[in-house]
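The values are calculated or read from the model by the stated rules, or taken from the named source; none is laboratory data. Every value quoted in this text rests on a predicted model; they were computed, and no experiment measured them. Here Cβ is always computed from backbone atoms with ideal geometry, including for glycine, and neighbour counts include all displayed protein chains. Ligands, DNA and RNA are excluded from the accessible area calculation, which covers all protein heavy atoms including side chains. Shrake-Rupley method; radii C 1.70, N 1.55, O 1.52, S 1.80 Å.
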Amino acid sequence: MSDTRETRNEYDEYYDRPPVRRKRRKKTPWEKFKEAYLPLVLVVVGLIAVIMVIVGIVKLASGSGKDKGNTLPSGTEDTSETGDPNLNQPSAEAREILNRAAELAGHYDYDGAIALLSAYAGEDTQVAAAIQQYTADKQTLVLWEDPTEVPHISFQPLIVDTARAFDGDSQSDYYDRNNLTVEEFRAVLEGLYGNGHVLISMSDVASPNAEGKYVGGSIYLPQGKSPLIMSLVPAHYPVSRAGDGFARRLVVDETGKISCEYIDSTSTRVSGAYDFVTILEAFIGEHPDFSYHGARAILGFSGDDEPLGYDITDAAEAASAKAVAQCLRDTGYEFASFTYDEIRYGDATDGEVTADVQKWEDTLEPILGQVQILIYPGGSELESYEGAKFDALYNAGFRYFCGMDNYSTCWGKITDQYVRQDRRTINGTRITEDADLIDDLFDANKVVSSERP
């Protein structure tokens with residue numbers, strides 16, 4: 001019992017003891033903050049995180065549906081992405097003008113882009129920003145000091161099917177020496193572009209001033225870029241060549257753009273990039289800065305069969321050829337005479353030159369329109385730019401005269417009345433045996449096709 005009692009007394013003593021009042025410790029500011037505000041802060045932070053995730057998802061969704069054709073210049077912003085209240089979203093009219101201006105600027109035509117944007121009657125922040133951007137970009141361009149020092153390189157029609165072109169018949173050796181393959185031409189374009197060359201037109205080299213005198217052009221390009229002229233001579237697509245694996249003809253496609261018809265080894269007709277023109281168009285589409293102010297190449301014609309791939313003695317075919325020619329002009333191509341009978345004007349008599357010019361005017365001018373460029377066959381130039389021969393050519397409207405010199409990088413001369421320029425031929429022999437003559441342009445070792453004999 002004593003044990004029980006003692007135990008009980010111990011508990012009784014404990015519970016009967018009056019409560020001890022302890023002095024309450026004062027809370028720190030951090031403890032007060034945690035109790036009063038921390039839960040609320042955590043809730044707010046969580047809400048912000050959720051909102052940011054939702055906004056990110058919305059941006060991603062709107063970005064994936066964005067028009068990929070938008071070509072707004074760098075330095076302008078689309079308010080649909082930024083949400084910047086200081087930038088208004090452009091109207092449909094403003095966006096169209098912005099895209100057209102961006103296309104001009106892509107060809108270094110900053111003056112044209114600025115003029116187009118400045119003519120916009122509305123008020124748009126992005127239009128103003130684009131004008132400012134293009135004005136700054138224009139200031140970075142450098143004047144090409146001597147427009148007579150512009151290389152001119154010339155090609156012949158391209159081989160599409162090497163198996164048919166290099167089949168061992170009587171023409172195989174000719175094709176091997178004179179024509180590049182489609183694959184090789186694409187490689188040439190890559191090499192030219194990689195080395196900073198930019199296509200210009202003959203009128204960029206020189207054009208008449210207000211008094212009608214020819215003066216050198218002011219060619220402005222970025223530092224490190226250099227001008228270049230290209231030509232295809234002759235631009236004919238005869239049926240016989242089509243059977244040897246060349247393109248059949250140029251056509252205008254359903255969108256109003258130039259395309260090429262090709263007949264493959266199974267006699268199936270297909271359309272696409274199978275020749276000089278359409279491959280160049282595809283390349284400029286990917287690299288608009290390869291073309292200065294929208295310049296393209298020069299296409300040379302003679303009286304040979306089927307210019308552009310059409311029998312122009314047939315009325316319907318002639319109409320088709322005329323439509324193709326107009327499309328080419330609208331795209332930026334320039335036309336040249338390769339003389340009607342591909343005769344050597346330097347060796348011909350006065351009468352022969354006059355008669356040849358007349359045949360060219362009677363037969364090809366109705367299809368192509370008047371041309372100002374003459375490309376001498378074989379480089380056989382006039383001995384003198386005075387006298388009956390020159391008068392016949394000048395009276396026919398020729399102002400640009402292209403000789404040939406494969407051993408100089410470039411040569412030109414600008415007079416009050418006319419412009420002269422030499423060209424170099426780029427062919428199978430040049431890329432396989434004379435690569436040193438073109439090493440200022442591209443590396444021939446990176447061009448030669450494994451399918452060449």
Nearest-20 debye value, the stretch 281-359 charge dipole, Cβ charges on Lys, Arg, Asp, Glu:
340
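How much net charge surrounds Glu386 when only other residues with a Cβ under 15 Å from its Cβ are counted (Lys, Arg +1; Asp, Glu -1)?
Numbers: positive: Lys389, Lys413, Arg420; negative: Asp350, Glu381, Glu383, Asp391, Asp416.
Overall, the nearby charge balance is -2.
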One point scatterer per Cα, no solvent, Debye formula: log10 I(q)/I(0) for the stretch 91-141 at q = 0.24, 0.25 Å⁻¹ comes out as -0.80, -0.87
Given H placed on each backbone N at 1.01 Å, which residues far from Ser302 in sequence or on other chains put an amide H within less than 5 Å of it?
Ala235, Phe338
The Rg/Rh figure for the stretch 352-445, Cα atoms and Kirkwood Rh, to two decimals is 1.05
Starting from the amide H of Val215, placed 1.01 Å from N in the peptide plane, find each other amide H under 5 Å away whose residue is 5 or more places distant or on another chain.
Ser207, Asn209
With all protein chains present and a 1.4 Å probe, how do Ser207, Ser226 order by accessible area, largest first?
Ser207, Ser226
Please list the radius of gyration and Dmax for the stretch 172-291, considering alpha-carbon atoms only, with Å as the unit.
17.5, 58
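Give the ranking of Phe398, Phe166 by solvent-accessible surface, highest area first, calculated with a 1.4 Å probe.
Working: Phe398 10, Phe166 35 Å².
Largest to smallest exposure gives the sequence Phe166, Phe398.
Starting from the alpha-carbon convex hull of the stretch 386-438, give the projected area averaged over all orientations, in nm².
Working: hull surface 18.3 nm².
With every direction weighted equally, the projected area is 4.6 nm².
Quick one, can you get me the convex hull of the C-alpha atoms of the stretch 157-240 expressed as volume per residue in Å³?
Cα-based convex hull of the stretch 157-240, divided per residue, equals 127 Å³.
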Here the net charge surrounding Ala119, from other residues whose Cβ is less than 14 Å away from its Cβ (Lys, Arg +1; Asp, Glu -1), is -4
Could you list which residues have their amide H under 5 Å from that of Phe401, counting only those 5 or more apart in sequence or on another chain, with H placed in the peptide plane?
Leu374, Val419, Arg420, Gln421
Please give me the summed charge of the neighbours of Asn406: other residues whose Cβ is under 14 Å from its Cβ, Lys and Arg +1, Asp and Glu -1.
-3
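Sorting Glu342, Glu254 by accessible area (1.4 Å probe), largest first, what list results?
Numbers: Glu342 65, Glu254 170 Å².
Largest to smallest exposure gives the sequence Glu254, Glu342.
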If the limit is 20 Å between Cα atoms, which of Lys225/Lys257; Lys213/Lys413; Lys257/Lys322; Lys213/Lys322 go over it?
Lys225/Lys257; Lys213/Lys322
Which GluC sites (Glu not before Pro) in the stretch 354-453 sit in a loop by DSSP (not H, G, I, E or B) and have at most 12 other Cβ atoms within 10 Å of their own Cβ?
Glu383, Glu386, Glu433
Computed from every Cα-Cα pair in the stretch 282-331, P(r) in 10 Å bins starting at 0 and rounded to whole percents is 23, 41, 25, 11
Whole-Å distance, taken between Cα centres, linking the stretch 166-210 and the stretch 382-414:
22
Please figure out what share of the DSSP beta bridges in the stretch 388-441 is antiparallel and state it in percent, rounded to the nearest 5.
40
Considering only DSSP beta bridges whose two residues both sit in the stretch 309-453, what percent are antiparallel, to the nearest 5?
25
